[in-house]
């Protein structure tokens, strides 16, 4: 019965390996682009704050925080790590 589970788990390892590689590539590209956009938001928000558009300035600051490395990319990196952990666990199950 254990051999049957190993045979079933093998295709999932292949799919998770490919998925992990694609996610890491997309994350690195998106992270670079989001850093540029975050920098522009940080530069524009004081102009909006002092230009009598306080609400818009605060919105831009909040969005800049979300796309900064401490916001949504951190959550995405955590999810990518969980995919890698699942893949490693399945590989360990197959090899033991």
Computed over region 18-87: relative contact order in percent, which uses C-alpha pairs under 8 Å that are six or more apart: 36
Selected from 15, 60, 83 as most flexible by GNM, with the chain as the system and alpha-carbon contacts under 10 Å: 15
Label assignment, Rg/Rh (Cα atoms, Kirkwood Rh) derived from the structure, set (1) 0.95; (2) 1.04; (3) 1.29: (3)
Region 50-96-region 1-32 distance, computed between alpha-carbon centres (Å): 19
Ellipticity estimate at 222 nm from DSSP helix runs (n ≥ 4, -39,500 (n - 2.57)) divided over the chain, nearest 500: -32500 deg cm²/dmol
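Values quoted throughout were computed directly from the atomic coordinates according to the rules given, and no laboratory measurement underlies them. Only a predicted model underlies this, so the values are computations on that prediction, with no experimental measurement involved.
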